[in-house]
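Please treat every number below as a calculation from the coordinates, not as lab data. Note that the coordinates shown come from a computational prediction; the quantities given were computed from them, not determined experimentally. No Cβ is skipped: glycine too gets one built from the backbone with ideal geometry, and neighbour counts run over all protein chains shown.
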Ligand SMILES: Nc1ncnc2c1ncn2[C@@H]1O[C@H](COP(=O)(O)OP(=O)(O)OP(=O)(O)O)[C@@H](O)[C@H]1O
Ligand SMILES: [Mg+2]
């Protein structure tokens, strides 16, 4: 059975809409061997899009795709272990034989089996790659070797790439990656992630190794018209009715943020039985539920903030978007000294709580913004 609305995990098929322009652009890049950098705020649809595009390549393209998520990689060598094992696994001619094949491509392997603490998850095999056994160049170069040996091109899609920016000696790690990757002829990379300040610090500064590494795509929101069609038709599939105007209301409340559109639609959907029609009150109730179900997360987001930082967010919620250093603004919102304001701004940008839009600052997460306005404006 298809779920009418899905949020929190990558979506596909029935639950995936739009993105036709982005799909075309990525397919062209993938086929042309061009590296891609894909950035957006959290939960807008990066992972879903990349998986969708990988699924659109056909055998004639002669391309193998590898997908890996490096969120849990805390060090450079964590990353090499993850990269090597995923590339080996996902390009193996026979999946079950990947460890045998691994020995053809990387020498001195001492695989270790470790059992995950999660009850239902598989055991994990770690290849035991360490600075003593392998140089970074050996591990990174392995991918090209596999591509050549198999007579195919490989695209390595690395999710949560901002994690590289959190590693010790991050700039040197980045330099090592780029210096190998830029010479590879049969492998290209799709690097994507959120947290603007981290992704930005890797890709947008000309002093950094990954500056101008490839086609830079800032993923946009899915337009209202596409969402409305999706919402109305999925309600209809479940024998419930929602008007275009109320579907638009869902988009407005969530500012078209993909995961929230799906979550709020689901909360509205569950209020109705078969044959019923959604009214204004249902949207209102579901919007309250949306704020309530996310409250724990939002509380976690504000808990570590200082009084000044909260005041800064309060100023934004009241409609101030720039000129925070002006003395009347500092006084009105209790922001402290001139230099304090700049520190506050940097800290909130680093936490990804606010972002720049041209000259102005805004709260990144639209639903958090609404929650903050209701609960934190003392
Ligand atoms: N193309 C799409 N069509 C419909 N819903 C989408 C689409 N893309 C994203 N979504 C919604 O957004 C949610 C998050 O999607 P996804 O995990 O792909 O985003 P992400 O940008 O990779 O998030 P994160 O920043 O957490 O990694 C999905 O669960 C789904 O509800
Ligand atoms: Mg993702």
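Contact order normalised by length for the chain, with contacts defined as Cα pairs under 8 Å and 6 or more residues apart; what percent is it?
Relative contact order, the chain: 18 percent.
Does anyone have the angle between helix 280-293 and the longest principal axis of the chain? Alpha-carbon axes, 0 to 90°, nearest 10?
In the chain, helix 280-293 runs at an angle near 50 degrees to the longest axis.
In Å and whole numbers, how far do the C-alpha atoms of region 304-375 stretch along each principal axis, longest first?
On the principal axes, region 304-375 reaches 30, 26, 23 Å in Cα extent.
Roughly what angle does helix 46-56 make with the longest principal axis of the chain, taking Cα atoms, 0 to 90 degrees, to the nearest 10?
For 46-56 against the chain, the angle is about 50 degrees.
Kindly state, to the nearest 0.05, the FRET efficiency for residue 93 paired with residue 225, given R0 = 51 Å and r defined as their beta-carbon distance.
0.70
Can you list, bin by bin at 10 Å, the percent of alpha carbon pairs in the chain, starting at 0?
Distribution as computed: 4, 20, 26, 25, 17, 7, 1 percent.
Subtract the Cα-Cα distance of residue 359 and residue 378 from 0.36 nm times their separation in residues, and report this length gain in nm to one decimal.
The span from residue 359 to residue 378 would gain 4.1 nm if fully extended.
Please list the radius of gyration and Dmax for region 158-235, considering alpha-carbon atoms only, with Å as the unit.
16.8, 51
In Å and from the alpha-carbon atoms only, list the Rg and Dmax of region 1-45.
Values for region 1-45 (Cα only, Rg and Dmax): 13.1, 38 Å.
Fewest Cβ neighbours within 10 Å first, please rank 192, 368, 161 accordingly.
Ascending Cβ contact count within 10 Å gives the list 368, 192, 161.
From the helices alone, meaning DSSP H stretches of at least four residues, give me the mean residue ellipticity at 222 nm for the chain, per-run term -39500 (n - 2.57), in deg cm²/dmol to the nearest 500.
Values: 16 runs with 182 residues, N = 378.
Roughly -14500 deg cm²/dmol at 222 nm, from the helical runs in the chain.
Taking the Cα-to-Cβ direction at residue 295 and at residue 237 and moving 7 Å from each Cα, how far apart do the two end points lie in nm?
That separation, rounded to one decimal, is 3.2 nm.
Where the centroid of each part is defined by its Cα atoms, how far is region 308-343 from region 46-103 in Å?
If we compute the Cα centre of each part, the gap is 46 Å.
Looking at the chain, send over the antiparallel percent of its DSSP beta bridges, to the nearest 5.
That works out to approximately 25 percent antiparallel.
Helix 76-91: angle to the longest alpha-carbon principal axis of the chain, degrees 0 to 90, nearest 10?
For 76-91 against the chain, the angle is about 70 degrees.
For all pairs of alpha-carbon atoms in region 224-293, what percent lies in each bin of width 5 Å, listed from the first bin to the last filled one?
Final binned percentages: 3, 19, 34, 27, 13, 2.
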